[in-house]
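The values are calculated or read from the model by the stated rules, or taken from the named source; none is laboratory data. Since the structure is predicted, the reported quantities are computational estimates derived from the model, not experimental observations. Cβ placement follows ideal geometry from the backbone for every residue including glycine, while neighbour counts extend to all protein chains displayed.
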Amino acid sequence: MTAEPKLNSERCLTERLVGPVAHVARLEVLRVFSYRTASPNEVAKELGKTLASITYHVKVLKDFGCIESVKDRPVRGATEHFYRATVPPHFEDDKWEKLSRGTREEISCMVFRALLGEVLRALRHQTFDARADRHLSWVPMELDEQGWKELVAKQLETLEEEQRIKVESAKRLCASGKSGRRVVAAMLAFETPPGFGFLPSHD
């Protein structure tokens, strides 16, 4: 039986979240794999980087479990490997509840890691605040069980509406032949520990 992965220290948690996206070029590589399946050679050409550099970042991302190999293709006596991001699709509540806590933690780390990478990339390229109507909110609150259930239900409604907007927009873009702008919409709702403050520094 394979031992279940655990996040058993603050340092371990920080490394799992930040480690894969600690390098700017790695952010770019992960973003490509988040949108499509590609080989290191294709990514190198797309980003204008050397194959050796991209191969190194691909190895790091694979070691952290951020990407997975999906297929191989013979090319002039060699083998070209293709990868994609491992951020899983949306889980229905009944399926999510059947997962072990350790598995849920691993999946949460993968999803948050991808989101963190998108935020850092947008800030670096100065697109995050390019639009005055961009949305960023943070609402700390103290809820009873009913309040928590109402909050989660409302976010699920919003997720469904976002999916509708995504589909309808794709139809309009396809009909017009125009290119759209890439956008990330994210929501969070989670229980926080007692007290205040961030993770302690490990300097």
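Descriptive notes on the structure:
- Matching entry among Gln155, Gln163 (being surrounded by 10 or more Cβ atoms within 10 Å (Cβ to Cβ) and in contact (Cβ under 8 Å) with a residue 24 or more places away in the chain): Gln155
- Selected residue (only one of Lys49, Lys59 is part of a helix (DSSP H, G or I) and either assigned by TED's automatic domain parsing to the domain that holds Phe82 or modelled with pLDDT of 60 or more (or both)): Lys59
- Restricted to the range 160-174, and to residues there that are at pLDDT below 90 and of a type in the set (A, V, I, L, M), the residue that is nearest to Met141 (Cα to Cα) is Val167.
- Residue within the range 85-100 that is among the aromatic types (Phe, Trp, Tyr) and at pLDDT 90 or above present: no
- Within the range 134-152, the set of residues being assigned to a helix (DSSP H, G or I), surrounded by 10 or more Cβ atoms within 10 Å (Cβ to Cβ) and either over 22 Å from the mean Cα position of the chain (by Cα) or of a type in the set (Asp, Glu) (or both) comprises Gly147, Trp148, Lys149, Glu150, Leu151.
- Residue in the range 52-75 that is more than 19 Å from the chain's Cα centre (by Cα), more than 16 Å from Arg26 (Cβ to Cβ), loosely packed, with under 11 Cβ neighbours inside 10 Å and of a type outside the set (A, V, I, L, M, F, W, C) present: yes
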